[in-house]
Each structure stands twice: as C-alpha cells, then as structure tokens.
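**Q** This is the structure, below, for whatever I ask next.
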Amino acid sequence: MKTTAISVSRPQLSASSRSAARLPDFVTLMKPRVMLLAVFTAFVGLAIAPVHMDLLRATIAVLAIAAGAGAAGVLNMWYDADIDAVMTRTARRPIPRGKVSPTEALVFGLVLAVTAVAVLGLAANLVAAALLAFAIFFYLVVYTAWLKRRTPQNIVIGGAAGALPSVIGWAAATGNIGVEPVILFLIVFLWTPPHFWALALNRADEYANARVPMLPVVAGRAATTRQILIYSALLLPVSLLPWALGFAGALYGATALISGAIFVALAVRLRESRGVYLRTAQRLFAFSISYLFLLFAALLADHGGNPADGPPSARVRNCADSVRTELVTGPVRPACGFASLKRDEV
C-alpha cells in the first residue's frame, strides 16, 4: 500500500506558533484580575436573585459578563497606552511593549464588547444586555476618556462602572433591578475610592509623571487619607444593609461587621500615620481586595429570605399590611420575620 505524506509548510507552522505565542498578550489586555472580581460580583448578584436561571443560560450569562468586563479592560488599555508607557506599574503591558498594536487592541475590544452584549441579550434579556453595554461605555468614555485625565474625582465617579456587574447579574436572572442589587452597587461604589486611593498613594510619583490628576497628586497625602477614612466609614453601615433588610443572614452580618471594622481601623491607622506611611497604604490596599471577595462570598453562602416573599420592598409592604391586620383582628404571622406585636407594645 502506498502512503502519501502531507507536509505542512513552515510559514503555516510559524504563523500558528506566532498566534499561540500572542494569546497571553490579548488575555493580559482584558485585565484578568479585575475581570475576575467583576465576574464574581456578577455571579453573586445572579445567584441571590429570586428568579433562578437554568444552569446553561446562567453559565452563558456569566461568561458574557466576563467578556464584557474584559472588553472594557482592552478598550481602557487601548486609550491609555500613552499613560501606560510612562508608568512603571503599567509599562510592561502589551501595547507599550509593542506586543499588540493599538489597532489590533481596538478591534479586539470592540468585537469582544459587541459579542458580549449580544450573547447576554440572547441568553438572558435586553435589560441585562443594556446594562452591560452601558457599563462598557461608561468605563471607556466617561471614566477613561473624560474623567481620568481631568479630575481627582475620577475614581469616585468612574467607580460606578465597576459597581454595575452585580446589578447586571441580578438583571440577567430577573429582567429588572431590585433593592438588593442597588445595595450591592453601593457597597462596591463606596469600596472603590479607598481601594484605589490606597494604591495611588504608593504610585503618586508615577501618576504625576503621567499627568493623571489622582487625588494624592492634586490634594496630597493628608487630604487623601482623610477621604479614605470617610469612604471606609460610610462603607461599614452600607455593607450591613443586606443583613438589616433580611436578604442575608447572621453569617453575612458578622462578616460585614468584623471585616468592615478592620477596614475602618486600617483607614484610621493610615490617617494617623506619620513619616513612612506607604507600607500602611499597601496593607490597606491588599486587605481591600480580600474584603470585597470575603463580603460577597459570605453573602453567597448566607443570603436569607424566601424568594417567594419577593424583594425587600415587597416584604416591607407585606409586613406593614400584616401589622395593620394584627392591630385590628389580633396576632398574625407578620412578613419580614418580625416578632408578633402585642397591642400594649404599640
């Protein structure tokens, strides 16, 4: 029997090898560590929703949100390539190193964004898809192109984009926005400034060289540490709202209270530090990452409330109705889990 050898040309092999070698550069453009945090908060938002998606649609929805977060990262690196090139922390990114051209990054980011939004719309609903499109737009246009180079409040306002994934996850399951995802949005929104300003304190010289008006550059250390403390103090009571409103249990409440107290204590220590404070800022930055993961993991493990009872706003209305009924007809089992009232206690 005669055998025929099929040869593959060297140019074909080399082109394939080059594509495989460049794959990590495109992954880096997607900011995988930032993407992981966005995906986790989105997953929690989806998981605690009162409407449960089937496993396949939920998986596709989470992957689409991940792709959208990655697209935002790619487009951010495309626009900020000039800044990245002069900062030590970012100079090794693929575009400044010449591993990926700006045009390739732009096309990759746009295709990824459009695909992510379209897939989420098909797998979930138009509300979730619209929110994902808005988050990408907000991160690229409002934060990256407009705020970042113009105001020290860039992180505060721009943080809204990073706080949206939990809302998108909830909307993917329910098709609407409830009280719960709004509270999760507020938690991430208030967490963002102390998280990034703690990092910026250690990178103030680099931001100054890149002419990015981060708060430590514009206002100095004292003003920055004061703002970090203010936002950390605001974050603590807001983080307790899921427990207070009944869609998280005691495990979450204890986790939020203890970790929030540690967060505030580190912010106080940073505020009161004199002389060498960079190590304290680095410690706060590192803890802030663990804090958010821990908080959302506790919520995932311990979210309470019966989905049949509806969102907190509905449970509050049901509770008010039951209290009125109790005052007229006698004790009933109130909604929201409150103990039965006695007439002489009102």
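**Q** Looking at segment 84-126, which of the residues that are among the hydrophobic types (A, V, I, L, M, F, W, C), surrounded by fewer than 18 Cβ atoms within 10 Å (Cβ to Cβ) and touching an Asp or Glu at 6+ places or on another chain (Cβ under 9 Å) is nearest to Leu46 (Cα to Cα)? Before you say what the answer is, go through the steps one by one.
**A** Filtering segment 84-126 for residues among the hydrophobic types (A, V, I, L, M, F, W, C) gives 85-87, 91, 95, 100, 105-108, 110-114, 116-120, 122-124, 126.
Those left that are additionally surrounded by fewer than 18 Cβ atoms within 10 Å (Cβ to Cβ): 85-86, 91, 106-107, 110-111, 114, 118, 122, 126.
In the following step, the residues that additionally are touching an Asp or Glu at 6+ places or on another chain (Cβ under 9 Å) were identified as 86, 91.
Numbers: Val86: 39, Ala91: 36 Å.
Among those residues, the one meeting the criterion is Ala91.
**Q** While we're here: Within segment 153-173, how many residues are more than 15 Å from Leu132 (Cβ to Cβ), polar (S, T, N, Q) and part of a helix (DSSP H, G or I)? Can you show your working first?
**A** Let us first name the residues in segment 153-173 that are more than 15 Å from Leu132 (Cβ to Cβ), namely 153-159.
Okay, now just the ones that are also polar (S, T, N, Q), so 153-154.
The next check asks that each one be part of a helix (DSSP H, G or I); those that pass are 154.
Looking only at that region, the number is 1.
**Q** Here's another thing I want to ask about it. Residue check: is Trp170 crowded, with 23+ Cβ neighbours inside 10 Å, outside the structural domain of Val44 (by TED's automatic domain parsing) and under 20 Å from the mean Cα position of the chain (by Cα)?
**A** Values: crowded, with 23+ Cβ neighbours inside 10 Å: yes; outside the structural domain of Val44 (by TED's automatic domain parsing): no; under 20 Å from the mean Cα position of the chain (by Cα): yes.
In short, no.
**Q** Condition (residue is in contact with a Ser or Thr (Cβ under 8 Å, 6 or more places away or on another chain), crowded, with 19+ Cβ neighbours inside 10 Å, in a helix (DSSP H, G or I) and not aromatic (Phe, Trp, Tyr)) applied to segment 134-152: is it met by at least one residue?
**A** At the first step, the residues of segment 134-152 found to be in contact with a Ser or Thr (Cβ under 8 Å, 6 or more places away or on another chain) are none.
No, there is no match, as no residue in segment 134-152 is in contact with a Ser or Thr (Cβ under 8 Å, 6 or more places away or on another chain), crowded, with 19+ Cβ neighbours inside 10 Å, in a helix (DSSP H, G or I) and not aromatic (Phe, Trp, Tyr).
**Q** Scan segment 222-243 for residues that are in contact with a helix residue (DSSP H, G or I) (Cβ under 8 Å, 6 or more places away or on another chain) and surrounded by fewer than 19 Cβ atoms within 10 Å (Cβ to Cβ) and report the count.
**A** Restricting attention to segment 222-243, the residues satisfying the condition of being in contact with a helix residue (DSSP H, G or I) (Cβ under 8 Å, 6 or more places away or on another chain) are 223-229, 231-236, 238-243.
Now drop any that are not surrounded by fewer than 19 Cβ atoms within 10 Å (Cβ to Cβ), which leaves 223, 226, 233-234, 236, 238, 240.
Adding up the residues that qualify gives 7.
**Q** Right, here's the next one. Can you name the residue in segment 77-109 that is outside any helix (DSSP H, G or I) and of a type in the set (D, E, K, R) and, of all such residues, is farthest from the chain's Cα centre (by Cα)? Steps first, answer last, please.
**A** Taking segment 77-109 as the starting set, the residues that turn out to be outside any helix (DSSP H, G or I) are 80, 87-93, 98-101.
Right, trim to of a type in the set (D, E, K, R) and you get 80, 89, 92-93, 99.
Numbers: Asp80: 20, Arg89: 21, Arg92: 24, Arg93: 22, Lys99: 28 Å.
Restricting to residues being outside any helix (DSSP H, G or I) and of a type in the set (D, E, K, R), the top hit is Lys99.
**Q** Specify which of the listed residues (Leu46, Leu23, Leu36) is at pLDDT 95 or above and part of a helix (DSSP H, G or I). Steps first, please.
**A** Values: Leu23 fails: at pLDDT 95 or above; Leu36 fails: at pLDDT 95 or above.
Criteria check complete, one pass: Leu46.
The values are calculated or read from the model by the stated rules, or taken from the named source; none is laboratory data. From a predicted model like this one, the values you see are computed outputs, not experimental measurements. Quick reminder, even Gly has a Cβ in these numbers, built from the backbone with ideal geometry, and neighbours come from all protein chains shown.
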